[in-house]
Amino acid sequence: MRPRRSAQWYAGEDRNSYIHRAWMRRGLPGDAFAGRPHVAIANTASDLTPCNAHLDEVARSVSAGIYQAGGIPLNLPVVSLGETQVRPTAMLWRNMAAMAIEEMLRANPIDGVVLLGGCDKTIPALLMGAASVDLPAVVVPGGPMLTGTFRGVPLGCGTDVWKLSEEVRAGTLPAAEFQRSESSMIRSRGHCNTMGTASTMGLLAEVLGMTLPGVAGTPAPDSRLLEAAHATGVLAVEMVDAGRRPSEVIGHGSFRNAIVALAALGGSTNAVVHLLAIAGRLGVPLTQDDFDRIGADVPLLVDLLPAGRFLMDDLFRAGGLHAVLAEVRDLLDPAALTVTGRPLVEHLAGAVTHDREVIRPRAQPLQAHAGIAVLYGNLAPDGAVVKPAAASPHLLRHRGPAVVFDSVEDLHARLDDPDLEVTADSVLVLRGCGPKGYPGMPEVANMPLPAKLLALGVRDMVRICDGRMSGTAYGTVVLHVSPEAAAGGPLARVRTGDMIVLDVAGRRLDVDVPAGEWAAREPSAEAARAYAAPRRGWERLYVDTVGQANTGADQDFLLGASGDHVARGSH
Ligand code: FES
């Protein structure tokens with residue numbers, strides 16, 4: 001039998017092993033310390049993360065599976081992040097959660113871990129932390145909520161909030177009706193049911209090889225989720241016995257597969273920063289350009305909001321992730337492994353598509369080129385990201401005058417001013433929203449459109465921002481501009497009236513200002529003022545050490561794996 005890591009605490013007859021065992025005995029079987037694998041269940045259940053509130057029930061099924069397989073299950077509540085609740089933005093806390101998870105996995109006497117997540121940042125944080133510790137680890141994605149309905153039609157959470165609120169601003173939906181839709185939108189346990197960030201990262205956790213094959217996308221209230229949770233508990237014990245660690249499961253081929261899947265699924269742009277951050281923890285040389293190089297020509301096959309019509313339980317009914325991956329199987333790395341020890345592609349053998357409206361055949365895609373485009377130019381020396389599948393085709397090549405906002409507060413104060421000089425050809429520029437500038441890189445890049453243009457029927461404009469965009473949002477939005485304004489990026493020097501030139505096909509984002517004038521121009525004093533605010537605690541540490549979006553916005557001191565070794569004991 002492979003020596004257990006937990007034996008470093010429990011084996012022996014000295015005073016310290018006595019202390020470690022004695023305090024843990026309460027209710028554990030007599031042979032708990034005789035070589036049985038100790039498997040933590042890192043649980044992000046929280047009443048303040050409503051998308052994950054059901055994970056305690058999932059944890060009980062995992063626990064039963066671990067126990068059945070001969071392991072000792074140990075519940076480990078970890079930092080949880082409720083996307084809709086946490087201020088100023090859950091992204092500010094992703095790296096803190098990942099760091100706390102990493103440290104608690106390393107500090108405790110465990111041999112492996114089952115990771116329970118769901119809401120946007122929770123699966124990325126769990127994967128980042130587990131990758132750094134590199135103990136055998138497997139994810140159970142909490143699953144999406146069921147489809148809500150309003151006025152007899154389905155409601156997609158997130159996406160339809162933006163749509164309905166724009167209707168209110170345009171005067172085509174009474175405010176009272178908008179309020180009435182609120183109680184119809186969230187119908188069950190689970191995370192957002194569009195192809196937003198939570199759905200995307202749950203599915204990509206499986207594509208990376210880090211879940212029981214076939215579980216991702218199972219709706220949260222579906223009994224098959226609990227069945228899969230039980231089987232995951234059994235698998236976790238097997239993984240400990242086999243010593244199967246994230247560094248053995250996830251390699252560059254796994255990220256290639258994730259990029260292909262991201263495009264075919266029409267997944268969230270947030271996956272770019274999360275995958276880059278996970279790769280950074282594993283030391284896998286993934287770059288932002290890989291998303292364009294590998295994914296740009298992958299067709300969009302899944303007709304889900306925000307790019308399409310259906311929702312996550314439709315995808316599950318239609319055949320789920322495996323049916324989608326089977327369509328692009330030739331683009332997948334055949335050697336990329338999963339937690340089962342077998343390649344991902346081997347698990348696709350039984351994939352069947354039951355509804356060709358939801359999952360299109362490869363020959364009849366929704367869009368031929370669905371991946372992320374990475375743009376460069378004098379506005380984005382280190383790159384910016386745009387999702388053509390969510391954009392308006394007529395705006396993908398555009399030249400228009402900038403209307404610049406120094407902060408979200410500035411945007412909200414002036415956007416609906418009837419005197420704001422803006423037309424449908426204008427380019428809205430919002431800065432001060434990057435990792436350092438906000439801080440935390442919030443999902444504000446999908447700026448609302450000026451009310452007077454909405455009233456004229458304008459539904460999309462080119463928007464540019466150094467922040468992120470909700471995975472449930474849509475529009476011609478250039479985001480993740482790097483370096484951000486607060487880190488000295490050129491976005492800080494743009495002025496209202498400057499001509500912005502966007503050329504997605506040419507992968508360019510430029511400002512058309514004479515070179516001499518541009519070089520001499522000072523950054524906006526207003527943007528600099530917002531960044532200079534005094535800070536304390538995590539926020540200070542975050543701002544001082546966070547990287548830019550093009551490298552995953554992780555802390556510089558958290559890059560790379562540090563392993564499970566702890567040099568000194570506590571007694
Ligand atoms: Fe939790 Fe959307 S708010 S997934």
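Considering the chain at the alpha-carbon level, its Rg and Dmax are found to be 23.9, 80 Å. Among F150, F33, the order of accessible area from largest down is F33, F150, computed with a 1.4 Å probe on protein heavy atoms. Close amide H partners of G117, meaning residues 5 or more places away or on another chain with modelled amide H under 5 Å apart, are V140, G142.
In the chain, taking the dipole from charged Cβ atoms about the Cα centre, the farthest positive-side position among A53, H38, G156 is held by H38. The packing ranking of peptides 195-202, 449-456, 134-141, highest mean first, is 195-202, 134-141, 449-456, where packing means the average number of other beta carbon atoms within 10 angstrom of each residue.
Per residue, the stretch 402-462 exposes an accessible area of 36 Å² to a 1.4 Å probe, with every protein chain left in place.
Express in whole angstrom the spacing between the alpha-carbon centres of the stretch 322-351 and the stretch 175-233. A separation of 21 Å, based on Cα centres.
Along its three principal directions, the equivalent ellipsoid of the stretch 163-322 from the Cα gyration tensor extends over semi-axes of 32, 22, 13 Å, largest first. Stokes-Einstein diffusion for the stretch 229-309, with the hydrodynamic radius set to the Kirkwood value over Cα pairs and evaluated at 20 °C in a medium of 1.002 mPa s, equals 149 µm²/s.
Tell me which DSSP H helices of the chain clear both cut-offs, 27 Å or more of axial length from alpha-carbon atoms and a mean Kyte-Doolittle hydropathy of at least 0.0.
Span-like helices in the chain: 223-242.
Across the stretch 454-463, rounded Karplus estimates of 3J(HN,Hα) from the backbone phi angles (6.51 cos²θ - 1.76 cosθ + 1.60, θ = phi - 60°) give 4, 5, 8, x, 6, 10, 8, 9, 6, 10 Hz, Gly and Pro being marked x.
Which part of the stretch 371-389 falls in the paramagnetic zone of E166, meaning amide N under 16 Å from the point 7 Å along Cα-to-beta-carbon? Under cut-off, by backbone N: 387-389.
A simple count of charges around R180, restricted to other residues whose Cβ falls under 14 Å of its Cβ and scoring Lys, Arg +1 and Asp, Glu -1, yields -3. The mean sequence distance of close C-alpha pairs (under 8 Å, at least 6 residues apart), as a share of the length of the chain, puts its relative contact order at 15 percent.
For the stretch 213-283, the carbon plus sulfur part of the accessible surface works out to 46%, probe radius 1.4 Å.
Before anything else, pin down the relative contact order of the stretch 56-185: Cα pairs under 8 Å, at least 6 apart, normalised by residue count, whole percent.
Working: 126 pairs, mean separation 23.3, N = 130.
After rounding, I find 18 percent.
The listed residues E182, E102, E13 rank as E13, E182, E102 when sorted by accessible area, largest first, using a 1.4 Å probe. Remark: the stretch 560-569, residue by residue, has Karplus-estimated 3J(HN,Hα) of x, 7, 10, x, 9, 6, 10, 6, 10, x Hz, where x stands for each Gly or Pro and the curve is 6.51 cos²θ - 1.76 cosθ + 1.60 at θ = phi - 60°.
Would you mind calculating the gained length between E13 and M1 on full extension (0.36 nm times residue separation, minus the Cα-Cα distance), in nm to one decimal? List each step's numbers first, then the result.
Working: separation 12, 0.36 × 12 = 4.32 nm, distance 2.04 nm.
Length difference between fully extended and current span is 2.3 nm.
Rounded to the nearest 20 debye, what is the charge dipole size of the chain about its Cα centre when +1 sits on each Lys and Arg Cβ and -1 on each Asp and Glu Cβ?
980 debye
Nonpolar atom fraction for the stretch 444-571, defined as the carbon and sulfur part of the 1.4 Å probe accessible area, stands at 55 percent.
One Cα centroid belongs to the stretch 247-264, the other to the stretch 472-516; the line between them spans 29 Å.
Close amide H contacts of V427 (hydrogens built in the peptide plane, cut-off under 5 Å, sequence separation of 5 or more or a different chain): A402, V403. Taking all protein chains as they are arranged and a probe of 1.4 Å, the heavy atoms of F557 leave approximately 90 Å² accessible to solvent.
Projecting each Cα onto the charge dipole of the stretch 488-554 (Lys/Arg +1, Asp/Glu -1 at the beta carbon, about the Cα centre), which of G488, T545, V511 comes out farthest on the positive side? Toward the positive end, the furthest listed residue is T545. Across the options H394, F557, P365, the greatest Cα extent toward the positive end of the charge dipole of the chain (unit charges at beta carbon of Lys, Arg, Asp, Glu) belongs to F557. Each residue of the stretch 415-420 is assigned a 3J(HN,Hα), and the resulting list reads 4, 9, 5, x, 8, 4 Hz, derived from the Karplus form 6.51 cos²θ - 1.76 cosθ + 1.60 (θ = phi - 60°), x at Gly and Pro.
Going by amide H atoms built from the backbone, whose H comes under 5 Å of the H on D382, apart from near neighbours? Close amide H contacts, sequence-distant or interchain: S482.
Within the accessible surface of the stretch 1-130, defined with a 1.4 Å probe on protein heavy atoms only, the carbon and sulfur portion equals 55 percent. The value for the stretch 58-128 of Rg(Cα) / (2.2 N^0.38 Å) is 1.21.
For the stretch 135-151 versus the stretch 353-418, the inter-centroid distance based on Cα atoms is 26 Å. Label sites at D56 and R224, each approximated as a point 7 angstrom past Cα along Cα to Cβ, lie 2.8 nm apart. Label sites at S247 and R536, each approximated as a point 7 angstrom past Cα along Cα to Cβ, lie 3.9 nm apart.
With the other protein chains left in place, how much accessible area per residue, in square angstrom, belongs to the stretch 150-298 at a 1.4 angstrom probe? Walk me through the intermediate numbers first.
Working: 4740 Å² over 149 residues.
Dividing the accessible area of the stretch 150-298 by its residue count gives 32 Å².
First select every other residue whose beta carbon is under 10 angstrom from the beta carbon of R521; then total the charges, Lys and Arg +1, Asp and Glu -1.
On the way: positive: R493, R495; negative: D498, E517, E522.
Local net charge: -1.
The residues neighbouring V78, those whose beta-carbon lies less than 14 Å from its own, together hold a net charge of 0 under the Lys/Arg +1, Asp/Glu -1 convention. Model label sites at H412 and E522, defined 7 Å from Cα along the beta-carbon direction, differ in position by 2.9 nm. Computed extension length for E177-K452: 96.8 nm, one decimal, from 0.36 nm per residue of separation with the Cα-Cα distance subtracted.
The values are calculated or read from the model by the stated rules, or taken from the named source; none is laboratory data. This is a predicted model, so every value here is computed, not measured. Glycine gets a Cβ as well: all are built from the backbone with ideal geometry, and neighbour counts include every protein chain shown. Heavy atoms of the whole protein, side chains included, go into the accessibility calculation; ligands, DNA and RNA do not. Shrake-Rupley method; radii C 1.70, N 1.55, O 1.52, S 1.80 Å.
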